[in-house]
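S.K.: Below is one structure. I have some questions about it.
The values are calculated or read from the model by the stated rules, or taken from the named source; none is laboratory data. Remember, it's a predicted structure, so these values are computed and weren't measured experimentally. Here the Cβ positions follow ideal geometry from the backbone for every residue, glycine too, while neighbour counts run over all protein chains shown. Note: areas computed on protein heavy atoms with side chains; ligands, DNA, RNA excluded. Shrake-Rupley method; radii C 1.70, N 1.55, O 1.52, S 1.80 Å.
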Amino acid sequence: MDLNEAFAGLWTPQIADACLRLRRPLLLAPPGLKPVRSGDKLAGPVLPARHSGSVDVFFEAFEAARGGEVLVIDNQGRADEACIGDLTAIEAMAAGLAGMVVWGRHRDTTELRALPLPVFSYGPFPSGPQRLDPSEPDALRRAHFGTIEATAHHVVFADDDGAVFVEAASVDEVIETANTIRSTEEAQAELVRSGTTLRQQLRFAEYLQRRQQDPSYTLRQHLRARGGEIEE
């Protein structure tokens, strides 16, 4: 499956909703992740790398790249240094990568925006690292992203709303379910535009009546009984 093609008509909220509906782990990047160029989208298998102050860990990851992966960089969410810039991005393109997602900061913003490679980070910072920590033995096998431990067994989806990590073994059914959610939402929106409110579509008055009789009855239960098109 071409993941970027499959993700082209979707957004991360639909991927997240699909994970919830399928009872799959909901693995979300910490809030604040943004594309360097607004509107960029990105999907691909995770190529993990834990940064310790030197660019060589990225180059080593590129050596093992097969093409189409997303370099997922663990820089511990640091706000006091930028760990990637335009040269790393250009090298990532040469290695055939689909993009980069950084738990940390970037620099060379103007140059990055001019490149066709999607890059996501927690914002710009002008200075690169002033440290060189010992490299960890598994620095190319797992990357922390907030509380998430991303490995080559994950796929990452990113857009203006942030990023969602999905276990690779579940990605086909997640995308299929996300497409179902998207189709339902589009149909609901069209009905609202034509005069049938979402409250009418979901029989919200019936829910309120049932809740009067049973205060423990929730909207989520009501939606499940009707097929669970939103909030599920």
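S.K.: Of all residues in region 9-42, which are touching a strand residue (DSSP E or B) at 6+ places or on another chain (Cβ under 9 Å) and under 14 Å from Pro118 (Cα atoms)?
M.R.: If the condition is that a residue be touching a strand residue (DSSP E or B) at 6+ places or on another chain (Cβ under 9 Å) and under 14 Å from Pro118 (Cα atoms), then Leu33, Lys34, Pro35, Val36, Arg37, Gly39, Asp40, Lys41, Leu42 are the ones that fit.
S.K.: Taking region 102-131 only, how many residues are in contact with a Lys or Arg (Cβ under 9 Å, 6 or more places away or on another chain), closer than 20 Å to Ala65 by Cβ and open to solvent by 10 Å² or more (accessible area, probe 1.4 Å)?
M.R.: 3
S.K.: Let me ask something else. Pick out the one residue from Ala225, Ala152 that is of a type in the set (Gly, Ala, Ser), within 20 Å of Pro30 (Cα to Cα) and open to solvent by 50 Å² or more (accessible area, probe 1.4 Å). Explain how you work it out, then say what you get.
M.R.: Numbers: Ala225 fails: within 20 Å of Pro30 (Cα to Cα).
On inspection, the qualifying residue turns out to be Ala152.
S.K.: Consider region 83-101. How many of its residues are open to solvent by less than 40 Å² (accessible area, probe 1.4 Å) and closer than 20 Å to Gly44 by Cα?
M.R.: From region 83-101, those open to solvent by less than 40 Å² (accessible area, probe 1.4 Å) are 83-86, 88-89, 92, 95-101; that's our starting set.
The next check asks that each one be closer than 20 Å to Gly44 by Cα; those that pass are 84, 88-89, 92, 95-101.
Qualifying residue count, region 83-101: 11.
S.K.: Mind checking which residues of region 36-71 are β-branched (Val, Ile, Thr), within 11 Å of Ala152 (Cα to Cα) and touching a Ser or Thr at 6+ places or on another chain (Cβ under 9 Å)? Give the derivation first.
M.R.: Of the residues in region 36-71, the ones β-branched (Val, Ile, Thr) are 36, 46, 55, 57, 70.
Checking the rest, the ones that are also within 11 Å of Ala152 (Cα to Cα) come to 46, 70.
Result: Val46, single match.
S.K.: Another question, if that's okay. Looking at region 198-206, can you tell me whether even one residue there is aromatic (Phe, Trp, Tyr), farther than 19 Å from Gly9 by Cβ, modelled with pLDDT under 95 and open to solvent by less than 40 Å² (accessible area, probe 1.4 Å)?
M.R.: First, the residues of region 198-206 that are aromatic (Phe, Trp, Tyr): 204.
In the following step, the residues that additionally are farther than 19 Å from Gly9 by Cβ were identified as 204.
Checking which are modelled with pLDDT under 95 leaves us with 204.
With open to solvent by less than 40 Å² (accessible area, probe 1.4 Å) added as a condition, the list becomes none.
No, region 198-206 contains no residue that is aromatic (Phe, Trp, Tyr), farther than 19 Å from Gly9 by Cβ, modelled with pLDDT under 95 and open to solvent by less than 40 Å² (accessible area, probe 1.4 Å).
S.K.: Next up: Is it true that Thr184 is over 30 Å from Thr109 (Cβ atoms) and at pLDDT below 95? Break it down stepwise before answering.
M.R.: Numbers: over 30 Å from Thr109 (Cβ atoms): yes; at pLDDT below 95: yes.
When the stated conditions are applied, Thr184 passes them.
S.K.: Shifting gears a bit: Consider Pro134 carefully, then state whether it is surrounded by fewer than 13 Cβ atoms within 10 Å (Cβ to Cβ) and at pLDDT below 95.
M.R.: On the way: surrounded by fewer than 13 Cβ atoms within 10 Å (Cβ to Cβ): yes; at pLDDT below 95: yes.
Taking the combined requirement at face value, the residue satisfies it.
S.K.: Hey, can you tell me all the residues within region 92-146 that are part of a loop (DSSP other than H, G, I, E, B), in contact (Cβ under 8 Å) with a residue 60 or more places away in the chain and among the hydrophobic types (A, V, I, L, M, F, W, C)?
M.R.: Matches in region 92-146: Ala98, Leu132, Ala139, Leu140.
S.K.: Going by the conditions given, is Asp214 closer than 23 Å to Ala43 by Cα and exposed (fewer than 14 other Cβ atoms within 10 Å of the Cβ)? Please lay out each step first, then the result.
M.R.: On the way: closer than 23 Å to Ala43 by Cα: no; exposed (fewer than 14 other Cβ atoms within 10 Å of the Cβ): yes.
Against the criterion (closer than 23 Å to Ala43 by Cα and exposed (fewer than 14 other Cβ atoms within 10 Å of the Cβ)), Asp214 does not qualify.
S.K.: Go through the residues of region 169-185 one by one and say whether even a single one is surrounded by fewer than 14 Cβ atoms within 10 Å (Cβ to Cβ) and more than 30 Å from His154 (Cα to Cα).
M.R.: For region 169-185, residues surrounded by fewer than 14 Cβ atoms within 10 Å (Cβ to Cβ) and more than 30 Å from His154 (Cα to Cα): absent.
S.K.: Any idea which residue in region 20-79 is nearest to Phe7 (Cα to Cα), counting only those that are in a strand (DSSP E or B) and touching a Leu at 6+ places or on another chain (Cβ under 7 Å)? Break it down into steps so the answer makes sense when it comes.
M.R.: From region 20-79, those in a strand (DSSP E or B) are 27-28, 34-35, 42-50, 70-74; that's our starting set.
Now restrict to residues that are touching a Leu at 6+ places or on another chain (Cβ under 7 Å): 43-44, 47-49, 70-72.
On the way: Ala43: 7, Gly44: 10, Leu47: 18, Pro48: 21, Ala49: 24, Val70: 14, Leu71: 18, Val72: 18 Å.
In this case the residue turns out to be Ala43.
S.K.: Working carefully through the options Thr151, Thr177, Thr184, find the one that is of a type in the set (Ser, Thr, Tyr), touching a strand residue (DSSP E or B) at 6+ places or on another chain (Cβ under 9 Å) and in contact (Cβ under 8 Å) with a residue 40 or more places away in the chain. Before the answer, list the steps.
M.R.: On the way: Thr177 fails: touching a strand residue (DSSP E or B) at 6+ places or on another chain (Cβ under 9 Å); Thr184 fails: touching a strand residue (DSSP E or B) at 6+ places or on another chain (Cβ under 9 Å).
Criteria check complete, one pass: Thr151.
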